[in-house]
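The values are calculated or read from the model by the stated rules, or taken from the named source; none is laboratory data. The structure displayed is predicted, hence computed values, not measured ones. Backbone-built Cβ (ideal geometry, glycine too); neighbour counts: all protein chains shown. Side chains included, ligands, DNA and RNA excluded: accessible areas come from the protein's heavy atoms. Shrake-Rupley method; radii C 1.70, N 1.55, O 1.52, S 1.80 Å.
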Amino acid sequence: MKKTDVEKVVKDYGISIRSYYVYKKEILTNGLSNLALSKRKTEPGEIFYFFKEYYLSPKKYSAAEARQLAINKFEQMTGIDMFCSVVSSSSTMYKKLLQEYSSEDIQKYRTPNFSEFDMESFLKL
């Protein structure tokens, strides 16, 4: 098939040529499973849960790092290779996080508390 033939066919189906090549690459790389997920417009809820777990930890991961760690954890637990364009961007996840937590709460979770009382319970003095 010539490129012009491909352009005609995808246009008939209402798909852009760019989307065609993205879909083609995804099918060759990971099969049809993620392509079906990409039509849902939302990623599995577990990924956002894992994102919160990593972002709100005292290790102070950036939003991008927390997103990637969440994707990796989801892939490891389910055995499904996630196509990253299916998953919301780190900035979108961060905005969603701000809807659930105030900036003060986020700062509190990301800051380790080393008060005297906590150290005693931790060290069992």
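Among residues belonging to segment 57-84 that are in a loop (DSSP other than H, G, I, E, B) and under 29 Å from Gln107 (Cβ atoms), point out the one that is most open to solvent (accessible area, probe 1.4 Å). So, considering only residues that are in a loop (DSSP other than H, G, I, E, B) and under 29 Å from Gln107 (Cβ atoms), the one most open to solvent (accessible area, probe 1.4 Å) is Lys59.
For segment 90-103, the set of residues classified as in a loop (DSSP other than H, G, I, E, B) and open to solvent by 50 Å² or more (accessible area, probe 1.4 Å) consists of Tyr101 only.
Residue by residue, here is whether (1) in contact with a strand residue (DSSP E or B) (Cβ under 8 Å, 6 or more places away or on another chain); (2) farther than 14 Å from Leu56 by Cβ; (3) at pLDDT 70 or above holds:
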| position | (1), (2), (3) |
| --- | --- |
| Ser85 | no, yes, no |
| Ser88 | no, yes, yes |
| Lys95 | no, yes, yes |
| Glu104 | no, no, yes |
| Tyr109 | no, no, yes |
| Pro112 | no, no, yes |
